[in-house]
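All remarks here apply to the structure that follows.
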Amino acid sequence: MQQIGQGNIAIIASASNHIRNRDVEFPFRQDSDFYYLTGFNEADSLAVFIPGREQGEYILFCREFDQKKALWEGAHAGLEGATEHYEADDSFPIDDMDEILPGMLENKSKVFYPMGRDGELDHQILEWITHLRKQSRSGVNVPGELVSLEHFLHEMRLFKSVEELKLMRKAAEVSCIAHKRVMQQCKPGLYEYQIEAEIVHEFMSEGLRYVAYPSIVAGGKNACVLHYLDNKDKLKKGDLLLIDAGAECDHYAADITRTFPVSGKFSLAQKQLYQLVLDAQYAAIEQIKPGLAWNKAHDASVKVLTIGLVELGLLKGRVSTLIKNEKYKQFYMHRIGHWLGMDVHDVGDYKLDNEWRLLESGMVLTIEPGLYIPEDCESVDVKWRGIGIRIEDDVLVTKQGYEVLTGAVPKEIDEIESLMQATYAA
Ligand code: GLY
Ligand code: MN
Ligand code: MN
């Protein structure tokens, strides 16, 4: 409200339901910005904020309560629920939006909204303004400025409150349990989708119904496909398994990757590449501290990986030249990580005034270096080909430095091997 300022208005729409096929819908997922501001988990809703409005500053448009709808589809708040349970000062039927909104825009200077994201809302706002303009001869002032709400909102979302961190810790905790569990269950002959099923089973059993993103369960060379989603192949003895999976807790994500041997024991070549990725991850995590620039972690990972790739013979030449010419990119083609929050690739600027921004406490990010050696990479020894490794943790920037939220899943080679061996022995 303070950032919108008196005399202005902000408008934000909920997500809509989407058809999966014919009359079957995808599970509804609320728009993260809308949920951040309202906690309201229904489609067909619109929130309006008008600082200083006497009849109420926070207005929620939503579906009216409908007995028949409640019978078929279940609970929905209705107009009374919107004010009683969601702290809206005032509520109106969503069907009346076109009649009511132009009046709310009257004599406002700026309209804040998520500009250019939802074509329908963009269109509606212009329609309401056009409608209002027609009355301008009767002395009504029409808003003169349209402002992106996201700029303000996303900066707020970048810094997590204690309440938000509680949800993120829960998402992380449950995701760790699931990763650890499948590490213990994995054996040659299982299919990737069976591992995925175990992960989802664990999330749901712990009360977290939704994944934060589709799980990647990639055995052997499938791990070299960065967004592998087929999860359809049989796991083979001697291969590594890369799992990138995270649960969502009340709209907050966890995002964890672990890579481990299908049969519980790393080969020498796998061990060498794995240790290199792990060293790069530790080096990157050490760069997480308030006041350090966001790209330092990435640069640290590039340095460790390039040195290691030269030592192992996958790259040839001077380390500094290889880094300058980005030669590591054929094996490490993504960045070190991303902001994490309600969206797995969360909102917030990475650069301010064209400079990498400095880390501040309350930010949460992932640190996820990887190496992916294509199966047909003729420039390297056969023993390296078809190996894909990523290690990903979620890291909170604290006042003193960092806290790894997802440390409960083993990632040291001996820890992984002994956890897996213990299971085989049992
Ligand atoms: N799971 C998506 C990512 O790691 O960025
Ligand atoms: Mn991930
Ligand atoms: Mn990630």
- prompt: If residue 115 satisfies every condition in (1) within 22 Å of residue 150 (Cα to Cα); (2) modelled with pLDDT under 95; (3) outside any loop (DSSP other than H, G, I, E, B); (4) among the aliphatic types (A, V, I, L, M) but one, which is the exception?
  reply: (3)
message: Here is a list: 246, 291, 264, 317. Which entry is more than 16 Å from residue 386 (Cα to Cα) and touching a Ser or Thr at 6+ places or on another chain (Cβ under 6 Å)?
response: 246
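From the list 120, 155, exactly one residue is at pLDDT 95 or above and among the acidic types (Asp, Glu). Which is it?
The conditions single out 155.
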- request: Report, ordered by the first and then the second residue, all pairs with beta carbons closer than 6 Å, sequence separation of six or more or different chains, a first member in region 1-14 that is under 11 Å from residue 48 (Cβ atoms), and a second member that is part of a loop (DSSP other than H, G, I, E, B).
  value: 4/51; 9/50; 9/108; 10/4; 13/118
- prompt: If you go through region 247-271, how many residues are farther than 17 Å from residue 372 by Cβ, within 16 Å of ligand 3 (Cβ to nearest atom) and either outside any loop (DSSP other than H, G, I, E, B) or touching a Phe, Trp or Tyr at 6+ places or on another chain (Cβ under 7 Å) (or both)?
  reply: 5
- prompt: residue 132 is checked against (1) part of a helix (DSSP H, G or I); (2) within 30 Å of residue 411 (Cβ to Cβ) and fails just one. What number does that condition carry?
  reply: (2)
message: Checking residue 287 against (1) part of a loop (DSSP other than H, G, I, E, B); (2) more than 16 Å from ligand 1 (Cβ to nearest atom); (3) more than 30 Å from residue 163 (Cβ to Cβ), only one condition comes out false. Which one?
response: (3)
task: Return yes or no: is residue 293 among the aliphatic types (A, V, I, L, M) and within 16 Å of ligand 2 (Cβ to nearest atom)?
output: no
- prompt: Quick one: is residue 175 hydroxyl-bearing (Ser, Thr, Tyr) and touching a helix residue (DSSP H, G or I) at 6+ places or on another chain (Cβ under 9 Å)?
  reply: yes
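The values are calculated or read from the model by the stated rules, or taken from the named source; none is laboratory data. Since the structure is predicted, the reported quantities are computational estimates derived from the model, not experimental observations. Cβ atoms come from the backbone with ideal geometry, glycine included; neighbour counts cover every protein chain shown.
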